[in-house]
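The block underneath contains the structure these notes are about, expressed in structure tokens.
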Amino acid sequence: MKAARLLEKGYPEAEVARRVGVHRQSVNRWAKELAAGGRVALKQAGRAGRKPRLTADDLRRIEEALKLGPEALGYGSSLWTAWRVADLIHRECGVKFSTGHVWRILRDELGWSPQRPAGRALERDETAIRRWQRVRWPELKKTPSDKDKPSSSSTKAD
């Protein structure tokens, strides 16, 4: 719109390009659109790229299914993988995506991030682990003995 104002004031296209910080050919294209249809024509820029294959309703359904968890949808464990999410999208919406694109959908469209479970055993005894770290580990840990002995290095001064 800044370029449109400058063009309407009569500035040359090259000067408008310098002031706006774009290529002169872009300003030339904008000037033609401005002359043909006014500022309204400049606002009606078409969508860049391909239209999305998933609608907002599709994304909502996918997120609801993700929140149910994979076990509720018939998968063997409680972990969502890219392959499982791709399969879910195919079952729910009939659209196939690669696992790499599935991660972009999860991150960019749904705001989800990859997470890994803690991976701790159910039988884990935190008290025994702390005791081992305080008592047993210091006994097993190597410590330097006799710091008084001269160095065997020929380059180190004693």
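Values in this text are rule-based calculations from the coordinates and carry no lab data. Nothing here was measured: the structure is a model prediction, and the numbers come from that model. So basically every Cβ, Gly included, is an ideal-geometry build from the backbone, and we count neighbours across all protein chains shown.
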Problem set entry | Net charge of Cβ neighbours under 15 Å - reference residue 117; Lys, Arg +1; Asp, Glu -1 | +3
Exercise. Taking every pair of alpha-carbon atoms in the stretch 2-43, what share in percent sits in each 10 Å bin, from 0 to the bin with the longest distance?
Worked result: 34, 60, 6
Problem set entry | Crossing angle, helix 24-43 versus the chain [Cα axis fit, 0-90 degrees, rounded to tens] | 70 degrees
For this session: With Kirkwood radius over Cα pairs in Å defined as stated, name the option among [x] 23.4; [y] 17.7; [z] 15.4 computed from the structure displayed.
Result: [x]
